[in-house]
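Q: Handing you this structure, nothing more for now.
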Amino acid sequence: MTVKLVVANWKMNKTRPEVARFVEAFAARVESLRELEIALAPAFPFFVDAADPAGRWALAGQNCSSEKAGAWTGEVAAEMLASAGCRYVLVGHSERRKFFGEKEPLLRRKLARAREAGLVPIYCVGESLDEREQGSTWKVLERQMEGLSADPPDRPVVVAYEPVWAIGTGRNASPEEAEEAAEYLGRLLSGRRELRLLYGGSVTPQNTGALAGRREIAGFLVGGASLDPLAFAEICRQAAGATPR
Ligand code: PGA
């Protein structure tokens, strides 16, 4: 059975005291969720503050450098994330693609650094509204998946389908749309031994149940709703409890 994974992507939010408050409130609510894997992706300075000494959740980096180490001011290496306690790293989030011009050749190098450091990448893909309306969703996803072409197929990988039009907009993909995309990505990645396909884009406690009930969806990447410990705990609870159909 695939253990579901729910990841909180805090983006550039939360100061140190806010991280501490989240951890306290969240820890009180995740006690019984043993069947679910949870990861928090705080900003780089707060891995220590966001870590759970009891091991109920893992840590994820939101990004890593495509370089190993050295004179790259402002960058953070995958190896540093691993030594700071991360198990996962997001690669190719749509905000990195859009605001920082990250494209597949660079993402391939980031993935290679993540693997060298022993991190499991959470590789993000998703079409924009224009691309969906033009009917090029599948072509775009196929191109974005080229980022994974050199990644070893026998290593566990997580792929997050996050349609850009659903991120931070309050308009989530329907369970049918999310599952259709997950099925398509699953076919492109049929050679992978251990694959989990997540959905991301305006996931809330209100829509988690319906999305989690889809067989192809092995968890969620949650932005806005993950900032609130109660909402995020509820998303985790529902993701853990859903019986796929
Ligand atoms: P959202 O963000 O849940 O706020 O839409 C998701 C993401 O960007 O990973």
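Q: In segment 80-102, how many residues are of a type outside the set (A, V, I, L, M, F, W, C), at negative phi and touching a Leu at 6+ places or on another chain (Cβ under 7 Å)?
A: 2
Q: Just the residues that are under 16 Å from TRP165 (Cβ atoms), under 14 Å from the mean Cα position of the chain (by Cα) and part of a loop (DSSP other than H, G, I, E, B), please, taken from segment 118-140.
A: Correct list: GLY126 only.
Q: So which residues in segment 141-156 are in contact with a Lys or Arg (Cβ under 6 Å, 6 or more places away or on another chain) and closer than 15 Å to LEU185 by Cβ, if there are any at all?
A: Within segment 141-156, GLY147, PRO153 qualify.
Q: For segment 28-64, give me each residue that is modelled with pLDDT under 95 and hydrophobic (A, V, I, L, M, F, W, C).
A: Matches in segment 28-64: ALA28, VAL30, LEU33, LEU36, ALA54.
Q: Report every pair of residues separated by at least 6 positions or lying on different chains whose Cβ atoms are under 6 Å apart, first residue within segment 188-211 and within 24 Å of GLU95 (Cβ to Cβ) and free of Cβ contacts under 8 Å to residues at least 60 places away in the same chain, second surrounded by 15 or more Cβ atoms within 10 Å (Cβ to Cβ) and of a type in the set (Phe, Trp, Tyr).
A: Hits for this filter: TYR199/TYR161; TYR199/PHE220; VAL203/PHE220; LEU211/TYR199.
This table checks each residue for (1) buried (at least 20 other Cβ atoms within 10 Å of the Cβ); (2) over 29 Å from GLU216 (Cβ atoms); (3) aliphatic (A, V, I, L, M).
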residue: PHE44; (1), (2), (3): no, yes, no
residue: VAL48; (1), (2), (3): no, yes, yes
residue: GLY55; (1), (2), (3): no, no, no
residue: CYS64; (1), (2), (3): yes, no, no
residue: ALA82; (1), (2), (3): no, yes, yes
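Q: Being within 11 Å of the ligand (Cβ to nearest atom), of a type in the set (Gly, Ala, Ser) and at pLDDT 95 or above is true for just one of GLY186, GLY223, GLY219. Which residue is that?
A: It is GLY223.
Q: A follow-up question, please. Out of the residues in segment 155-181 that are closer than 17 Å to GLU216 by Cβ and of a type in the set (Ser, Thr, Tyr), which is nearest to the ligand (Cβ to nearest atom)?
A: TYR161
Q: Does VAL30 satisfy the condition of being in contact (Cβ under 8 Å) with a residue 12 or more places away in the chain, away from the ligand (no atom under 16 Å from the Cβ), more than 22 Å from ILE167 (Cα to Cα) and not in a loop (DSSP other than H, G, I, E, B)? Please lay out each step first, then the result.
A: Details: in contact (Cβ under 8 Å) with a residue 12 or more places away in the chain: yes; away from the ligand (no atom under 16 Å from the Cβ): yes; more than 22 Å from ILE167 (Cα to Cα): yes; not in a loop (DSSP other than H, G, I, E, B): no.
When the stated conditions are applied, VAL30 does not pass them.
The values are calculated or read from the model by the stated rules, or taken from the named source; none is laboratory data. Predicted model only: the values in this text are computed from it and were never measured. Positions of Cβ are generated from backbone atoms using ideal geometry, with glycine treated the same way; all protein chains shown enter the neighbour counts.
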